[in-house]
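One structure is given below, encoded as structure tokens.
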Amino acid sequence: MINFHSLSQRLYLAITSALIIFTGLIFFISTWVLKDKTERLYDNMMIAVSKNLDDKLYVKDDKLKIDMDYFSIDTLSDTHSEKIFYRIVAPNGDLLAGFDGLSLADKKGYPTVFYHTIYAGTELRAVQYTSKTPLGDALIVVAESNQGRHTTISGLRKQIAFAAVLICIGTLILVAFIVQKGLHPLSRLQKEIRMRSEANLDPIETDVPPEVEALVRSLNNLMARLQRSIKISHNFNSDLSHQLRTPLAEMKMQLAMYRRDFQIEKLNDVDRNITLMTRLTEQMLHYVKAQNSTVSNKYWSCLDLVEFCRNFCEKYAPMVFSQGQAIAFETKIESAVCRIDEALLESALLNLIENALKYGKSHQGEGEIVLKLTSGNDSLSLSVTDQGSGVCNQDLESMLERKVRLDRSKQGFGLGLAIVKQVAEMHGGQLVITNASPRGLCITLSGLKINQAPSTKPLECRLVQAE
């Protein structure tokens, strides 16, 4: 049974069908040409016999005679193992030699005319040759049975058919070999993929024809995405187990102490650790979501980024004020629509605000955190600037690595900026960290693509203050 989904079987079927049609055409053309050539050959032989008889005619005593003994005439019957019939008619209509019952042609032709006739129940192919003699035109008729012609043509047809079948079989064997060789790279590719373990997602390096290169590139891209997803899951599990170990150990020790000496005020420490674990869980989930952002566009939407920033400042202003700092939103843009993941972008900004609260508090009293939105080159930039002491230039790049905390006296998990970096890249931008002037740290999410051209107005500086 032919499997039409099989590439090799479809190739076999297509090539075999084309070969059979081509061979059939060649067979019919060849037999037609050979039949015509055979007919012409037999006709020319009868003309040669007629001319041979014509050469034997002579005139004597005003009578037409033939100079041929009976033995020579009888040998005509053995020509080509087929019966030869002949008739020679003198100008006056008398039979000079041959078979009297052999009919003449209905019409005359000079010097020869071919026609079909029947003699003694046998179908004949005859030629009538007109011979010019001193006494007038003599007619020489030579006829031959059609059986010899048909036998010859049938034999040639069988030989051609046999040769065609042999050629077809040989060609099909050759085609099968060529198809197998042509599909060998696919078989090698299949074998390499089948022999791989589930942990081996390295790119496929097998040499393949240009027609299969696109398929191999797609497979390599798929394996790269799978490898990245597996790495993300591995990092998530590693980070989660690593980060949860410390607060859980502390809670276990604290609870052991309470069993020995119950102290109400120590419950605050347990509450603090539970809060830290809750925040850690949120950060880890956001981190994984950011790294897997290319998997789904379910949470993406077009939002006015100016309105988004205003709402963000109003939402988290109480948290900022509770830690002795203020928050401001500055922009010259009245409206700018971007396609964003609202939850992830809010998480990224919240991480920057929390970093500013931890590390960016001014030593001269109450500090201020500034969220600024600017536009340029068909993109937007969001920056958060604090009034802290900044960071050494050699430490700026390492801040983007996972689990890196420059000040280990502060509580945290080292995932905040890693999350922000992933969110920025997910939105087609990048995260840039610089020291602000005259003091402080400025962290910018640049390259956020604009869906609609922003409208501008005079500088707006909105300071959210506690009442």
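The values are calculated or read from the model by the stated rules, or taken from the named source; none is laboratory data. Source: prediction; values computed, not measured. Backbone-built Cβ (ideal geometry, glycine too); neighbour counts: all protein chains shown. In case anyone asks, the SASA skips ligands and DNA or RNA and just uses the protein heavy atoms, side chains included. Shrake-Rupley method; radii C 1.70, N 1.55, O 1.52, S 1.80 Å.
Of the accessible area of the stretch 172-213, computed with a 1.4 Å probe over protein heavy atoms only, carbon and sulfur atoms account for 61 percent. Here the calculated FRET efficiency for D62 and E123, from their Cβ-Cβ distance with R0 = 25 Å, stands at 0.05, rounded to the nearest 0.05. With R₀ set to 45 Å, the beta-carbon distance separating I21 from K108 gives a calculated FRET efficiency near 0.45. Solvent-accessible surface of the stretch 18-62, taken per residue with a 1.4 Å probe and all protein chains present: 69 Å².
Heavy atoms of the protein chains alone define the surface here; on that basis the stretch 91-211 has 63 Å² accessible area per residue at 1.4 Å probe size.
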